[in-house]
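Asks: Mind looking over this structure? Questions follow.
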Amino acid sequence: MTFGSPGFLVVAVLVAGGLSFGYWWLQRQRSQALAAAGLTTGRAVRRHVPPVLFLAALTLLLLSVARPEATLPVARAAGTVVLAFDVSNSMAADDVAPSRIAAAQTAAVSFVEAQPDSVSIGIVAFDQGALTTQQPTSDRTATTAAIKRLQVNGGTSLGQAILASLTVIVGKPVSLPDPDAAEPPAELGYFGNATIVLLSDGEDTGGPDAVAAAQLAATAGVHIETVGVGTVDGTTVEVDGYRVATALNEELLTTLAQTTTGSYHRAETAEGLRDVYDSLDLRLTTERKPVELTGAAAAIALLLLTIGGLLMTTWFGRIL
C-alpha cells in the first residue's frame, strides 16, 4: 500500500498513538483511584468497546487524509471484437422490422457506443464473399459510420465470414488448411481476448465449410457469439424479380458458437436484438492498477462511529 500524502500518514500515526496512550493512561489512573478507595472495576470489558471503536474510526479518518492507494486486480472489458454482418439478400427480409439488416445495424450502433475505449471494434461484411469494412479501432465514429454504410447483396458464406474475421484478428490472411498439402498449416497464435460476433439468419449458401472455420477459430482461442436475425417461421424476399423463401437456421448458428465455447442468441425482434447485445459474453481481462482507498477508509470510519455511538447509548444511556 502507498500513500498520496505520506506527510499526513505521520500525523495520523502520531495522533492515533497519542490518543491510544492517553486512553490507556486515563483508564490506569481510574483503576488506581478506585483501588485506593477500596473499590474494584470488575471485568466490564464492554465499557472499552465504544471508545476503542471511536479511536479506530478516528485513525481511519486520519489515514484517509493521507490518500491510501493499493494496487488491485481490476476486471475490465478489453481486447478485440469483430462484428461480422450478413449482408446477403435474405437480410432484406422484413420479418424483423423494419428489416433484418436495418434492425441489426441500429442495435449494433448502440452496442458500439456502449463499449469502453479498451475494446477495439472491427466490422466485416459478408455475402458470398467477405470484406473488412473497418479495421479494429477505438474510434466509435468511424465504426458506426462503417455499420451504417452496409447494404444487402448476393448469397451467404458463413465460412468466409469467420475466416475474414480471423484475418482481421490475426493480422494476416487466414484460410482453411489444405488436407492434401505436404506441410502442416502455419500456427495462427493465440488470441484469447478476441471475440467474433456473427450476425446472420444462418442460411449458408456457399463454401468454405463454416464449421471447419469455427474449429480453426477455436484453436486460436477466439470464441464466436452468433446472433440469429430473423424468425424461425421465416418469410419471403424479392431477389432479381423472384420471391425467395428465407428462414432462420438456428441449428447451424448454434453449432458454430458451441464449437468455440461461445453462445447462440436469438433475436426475432428489433428490441430483442438490442437485448442480445446487452447479454453478449465479451472477454474480460484482469489488469492491476492503483486504486485510491480514501472513500473506503472514510466509509468504514463512519460505520465504526455509528456502531460505537449506538453501543454507548444502548449500554450506558449516553455518549461519552
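The values are calculated or read from the model by the stated rules, or taken from the named source; none is laboratory data. None of these values were measured; they are calculated from a predicted model. A quick note on method: Cβ atoms are made from the backbone with ideal geometry, for glycine too, and the neighbour counts reach across all protein chains shown.
Asks: In segment 269-320, which residue that is surrounded by 15 or more Cβ atoms within 10 Å (Cβ to Cβ) and of a type in the set (Ser, Thr, Tyr) is modelled with the highest pLDDT?
Replies: So the residue we want is Thr294.
Asks: On to the next question. Of the residues in segment 240-279, how many are in contact (Cβ under 8 Å) with a residue 12 or more places away in the chain, of a type outside the set (Phe, Trp, Tyr) and either part of a strand (DSSP E or B) or more than 25 Å from Ala214 (Cβ to Cβ) (or both)?
Replies: Qualifying residue count, segment 240-279: 8.
Asks: Okay, moving on. Out of all the residues in segment 68-83, is one or more of a type outside the set (Ser, Thr, Tyr), modelled with pLDDT of 85 or more and touching a helix residue (DSSP H, G or I) at 6+ places or on another chain (Cβ under 8 Å)? Lay out the reasoning, then the answer.
Replies: From segment 68-83, those of a type outside the set (Ser, Thr, Tyr) are 68-70, 72-79, 81-83; that's our starting set.
Those still in the list that are modelled with pLDDT of 85 or more too: 81-83.
Those still in the list that are touching a helix residue (DSSP H, G or I) at 6+ places or on another chain (Cβ under 8 Å) too: 82-83.
Within segment 68-83, one or more residues are of a type outside the set (Ser, Thr, Tyr), modelled with pLDDT of 85 or more and touching a helix residue (DSSP H, G or I) at 6+ places or on another chain (Cβ under 8 Å).
Asks: Here's a follow-up. Using the structure shown, decide if Thr41 is at pLDDT 80 or above, of a type in the set (Ser, Thr, Tyr) and either in contact with a His (Cβ under 9 Å, 6 or more places away or on another chain) or not assigned by TED's automatic domain parsing to the domain that holds Arg243 (or both).
Replies: On the way: at pLDDT 80 or above: no; of a type in the set (Ser, Thr, Tyr): yes; either in contact with a His (Cβ under 9 Å, 6 or more places away or on another chain) or not assigned by TED's automatic domain parsing to the domain that holds Arg243 (or both): yes.
Considered against the rule, which asks whether it is at pLDDT 80 or above, of a type in the set (Ser, Thr, Tyr) and either in contact with a His (Cβ under 9 Å, 6 or more places away or on another chain) or not assigned by TED's automatic domain parsing to the domain that holds Arg243 (or both), Thr41 comes out as no.
Asks: Going through segment 136-158 one residue at a time, which ones are over 17 Å from Phe111 (Cα atoms) and not in a loop (DSSP other than H, G, I, E, B)?
Replies: Narrowing segment 136-158 to residues over 17 Å from Phe111 (Cα atoms): 151-158.
Within segment 136-158, just Leu158 meets the criteria.
Asks: Still on this structure, please answer the following. Listed residues Val227, Val237; which is surrounded by 19 or more Cβ atoms within 10 Å (Cβ to Cβ), outside any helix (DSSP H, G or I) and under 20 Å from the mean Cα position of the chain (by Cα)? Let's see the steps before the verdict.
Replies: Details: Val237 fails: under 20 Å from the mean Cα position of the chain (by Cα).
Step by step, each of Val227, Val237 is checked, and only Val227 is surrounded by 19 or more Cβ atoms within 10 Å (Cβ to Cβ), outside any helix (DSSP H, G or I) and under 20 Å from the mean Cα position of the chain (by Cα).
Asks: Of the residues in segment 190-224, how many are at pLDDT 90 or above, assigned to a loop (DSSP other than H, G, I, E, B) and under 20 Å from Pro136 (Cα atoms)?
Replies: Final tally of qualifying residues: 5.
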